[in-house]
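K.L.:
Pasting a structure here, questions to come.
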Amino acid sequence: MRTKRWRPTLSTRITLTLVAVAVGVAAITAGTLVWNARLIILESRQAAIFDVLRVEAKMSVDALPETPRAADLTAASEEFSVPAVLINLRTGENGGTLLIDDIPEYLVQTLVDGGGVSAYERETRYGFLTFTAGTVVDAGEGGDQIAAFGVFDMQTQQEEIDRLVNLGVSIGLIFVAAAAVIGLVVGRQLGRPLESLVEVADGLGTPDQSPVVDTGYPDVNAVLDAMRNSEARLHTTIGQLEHSEATARQLVADVAHELRTPLATLVAVSEILADTESATPENRSEAGQIAARSATHLTTLTNDILELSRFDSNKADVVREPVDVAELWRDLAENRQWADVAFELYGDPVAHTDEVRLRLIVSNLVTNAFRHGAPPVEVTVWNQDGKLTLTVADGGPGVAGEHEAQVFKRFYQASSSRSGSESSGLGLAIVRENARLLGGDAWLIQTAGTVFAVWIPLAP
């Protein structure tokens, strides 16, 4: 089984980063300070050593003959405060309290070859820091040049340097500890708004909203607001989907219910028409008429459902153009044979709107009046003040109070108050959908009879 790799949290990473930065800064700072202090200590000590070496070498060599021998050089070296060796640069003879082999060869060569007047080297001997220095002096007036080398103890300076190093390490540790504390504090401070984000994110989709309102960080608050806005949009989308799903289920149920009656009728009459032995011509004629009415009803129902599906899918287009309302009515009345319907028009007969949708509105309202109402049917149109108002009144019994708020719903039929017919229950729904698509609305008015009214704004 593969183990889950550990990953540090943000606060842990911040703490580790601050500690790493502190270690780096402390190391660089302490190292720079120690190195500079070391150079200062050593160089100041070395300058003092050269001063002492020159003075002692001058005093010792002044007493030598012009051409000193090894014994003379050894005797003169005893005047030095440190182990020393003297070398006659002309003859090469040497002598002193220090062996010539104890002096690095390249230092000797530096003075013997005449390439310099001084030479030095720091080294650790037997665990102690020493400084080997050499200089050139003249043995009396006109005498040979003598190179004097001495080995000086620098252990005191080394101990001072060690103390500086320890102090630098201590300062570095203090820096690291302080950085760790600061990292923990900063990590916790940054972790609090993150905890708020987690709390809000965990509460998304639950009825109880998170109490977190202000974290003290404007940028984190902006993230919280964005999360809440996303949650609100998500709830809205879910609600719309649930509503669409419920509408779709209801539509399927209503369509199935509406299709069942005409289909059952068609099946029944098809059996009568298929019975060639017992069916009389009168039976077949009546069955044919019933089949024709059922087929017409199915066609109307199918067309209405297709029309509503365009609204639901936002595919219903609006084409506004000048429409002669009087001409539109004459065409409808002639095609539908509505000779006994009264029509009155007030205002300009030309309205700038969608002719197809206006035709659907008028057709469905008048058809509804014939199916569910009673004569007289009156159509009145007002084209005034930038809007078109249309009313269709009938002399029927009206709609019962409990059904008034439902008449514009799909597949709704107030059969208890309006005489039933071959209605799909979609006509008034199509009227309102078209009116709203054009920017208006439809409503029911009940006074002496039943009046359905529509208003739509007209394009300039």
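K.L.:
Being modelled with pLDDT under 70 and of a type in the set (A, V, I, L, M, F, W, C) is true for just one of Leu345, Leu298, Leu328. Which residue is that? Steps first, answer last, please.
P.N.:
Numbers: Leu345 fails: modelled with pLDDT under 70; Leu328 fails: modelled with pLDDT under 70.
Matching residue, one of Leu345, Leu298, Leu328: Leu298.
K.L.:
So, Asp324, is that one in contact (Cβ under 8 Å) with a residue 12 or more places away in the chain and within 20 Å of Ala459 (Cα to Cα) or not?
P.N.:
On the way: in contact (Cβ under 8 Å) with a residue 12 or more places away in the chain: yes; within 20 Å of Ala459 (Cα to Cα): yes.
Taking the combined requirement at face value, the residue satisfies it.
K.L.:
Next up: With the condition kept exactly as written, say whether any residue in segment 405-423 is in a helix (DSSP H, G or I), modelled with pLDDT under 85 and open to solvent by less than 50 Å² (accessible area, probe 1.4 Å).
P.N.:
Looking for residues that are in a helix (DSSP H, G or I), modelled with pLDDT under 85 and open to solvent by less than 50 Å² (accessible area, probe 1.4 Å), one finds none in segment 405-423, hence no.
K.L.:
Follow-up question, since we're still on this one. Looking at (1) of a type outside the set (A, V, I, L, M, F, W, C); (2) at positive phi; (3) touching a residue at least 40 places away in the same chain (Cβ under 8 Å), which is the one condition that is false for Gly127?
P.N.:
(3)
K.L.:
Take the residues in segment 375-390 that are in contact (Cβ under 8 Å) with a residue 24 or more places away in the chain and not in a strand (DSSP E or B); name whichever of them is nearest to Arg336 (Cα to Cα).
P.N.:
Taking segment 375-390 first, the residues in contact (Cβ under 8 Å) with a residue 24 or more places away in the chain are 375-384, 386-390.
Then keep just the ones that are not in a strand (DSSP E or B); that gives 375-377, 386.
On the way: Pro375: 16, Pro376: 16, Val377: 14, Gly386: 29 Å.
The extreme case among them is Val377.
K.L.:
It is to be established whether one or more residues within segment 68-78 are part of a strand (DSSP E or B) and not hydrophobic (A, V, I, L, M, F, W, C). Break it down stepwise before answering.
P.N.:
Keep residues of segment 68-78 that are part of a strand (DSSP E or B), which gives none.
The answer is no, given that none of the residues of segment 68-78 is part of a strand (DSSP E or B) and not hydrophobic (A, V, I, L, M, F, W, C).
K.L.:
Scan Leu273, Leu167, Leu190, Leu251 and give me the residue that is closer than 28 Å to Pro8 by Cα, assigned to a helix (DSSP H, G or I) and either modelled with pLDDT under 75 or open to solvent by 50 Å² or more (accessible area, probe 1.4 Å) (or both).
P.N.:
Leu190
K.L.:
Then there is this: Just checking, which of Ala459, Ala442, Ala453, Ala429 is modelled with pLDDT under 80 and either of a type in the set (D, E, K, R) or under 30 Å from Gly386 (Cβ atoms) (or both)? Walk me through how you get there before you give the answer.
P.N.:
Details: Ala442 fails: modelled with pLDDT under 80; Ala453 fails: modelled with pLDDT under 80; Ala429 fails: modelled with pLDDT under 80.
Exactly one of Ala459, Ala442, Ala453, Ala429 is modelled with pLDDT under 80 and either of a type in the set (D, E, K, R) or under 30 Å from Gly386 (Cβ atoms) (or both), namely Ala459.
K.L.:
While we're looking at this one, here's another question. Answer yes if at least one residue in segment 63-83 is acidic (Asp, Glu), within 13 Å of Ile146 (Cβ to Cβ) and in contact (Cβ under 8 Å) with a residue 60 or more places away in the chain, and no otherwise. Spell out how you get there, then give the answer.
P.N.:
Quick first cut of segment 63-83, residues acidic (Asp, Glu) only: 66, 72, 78-79.
If we keep only those that are within 13 Å of Ile146 (Cβ to Cβ) as well, we get 66, 72, 79.
Within this subset, residues satisfying the condition of being in contact (Cβ under 8 Å) with a residue 60 or more places away in the chain are 66.
The answer is yes, given that some residue of segment 63-83 is acidic (Asp, Glu), within 13 Å of Ile146 (Cβ to Cβ) and in contact (Cβ under 8 Å) with a residue 60 or more places away in the chain.
K.L.:
Enumerate the strands (runs of 3 or more DSSP E) found wholly within segment 80-139, keeping only those where 2 or more residues are within 17 Å of Val61 (Cβ to Cβ) and of a type outside the set (Ser, Thr, Tyr). Before you say what the answer is, go through the steps one by one.
P.N.:
Details: elements: 84-88, 94-96, 118-125, 128-138.
Where strands (runs of 3 or more DSSP E) fall fully within segment 80-139 and carry at least 2 residues being within 17 Å of Val61 (Cβ to Cβ) and of a type outside the set (Ser, Thr, Tyr), they are 84-88, 94-96, 128-138.
K.L.:
What are the residues in segment 329-338 that are farther than 14 Å from Asn364 by Cα and either in contact with a helix residue (DSSP H, G or I) (Cβ under 7 Å, 6 or more places away or on another chain) or open to solvent by less than 100 Å² (accessible area, probe 1.4 Å) (or both), if any?
P.N.:
Of everything in segment 329-338, just one residue is farther than 14 Å from Asn364 by Cα and either in contact with a helix residue (DSSP H, G or I) (Cβ under 7 Å, 6 or more places away or on another chain) or open to solvent by less than 100 Å² (accessible area, probe 1.4 Å) (or both), namely Asp331.
K.L.:
So Ser118 fits all but one of (1) modelled with pLDDT of 85 or more; (2) closer than 30 Å to Ile161 by Cβ; (3) open to solvent by 30 Å² or more (accessible area, probe 1.4 Å); (4) polar (S, T, N, Q); what number is the exception?
P.N.:
(1)
The values are calculated or read from the model by the stated rules, or taken from the named source; none is laboratory data. Predicted, not measured: the structure shown is a model, and the values here were computed from it. When we count neighbours, we look across all protein chains shown, and the Cβ atoms used for this are built from the backbone with ideal geometry, even at glycine. Accessible surface is based on the protein model in full, side chains and every heavy atom, while ligands, DNA and RNA are left aside. Shrake-Rupley method; radii C 1.70, N 1.55, O 1.52, S 1.80 Å.
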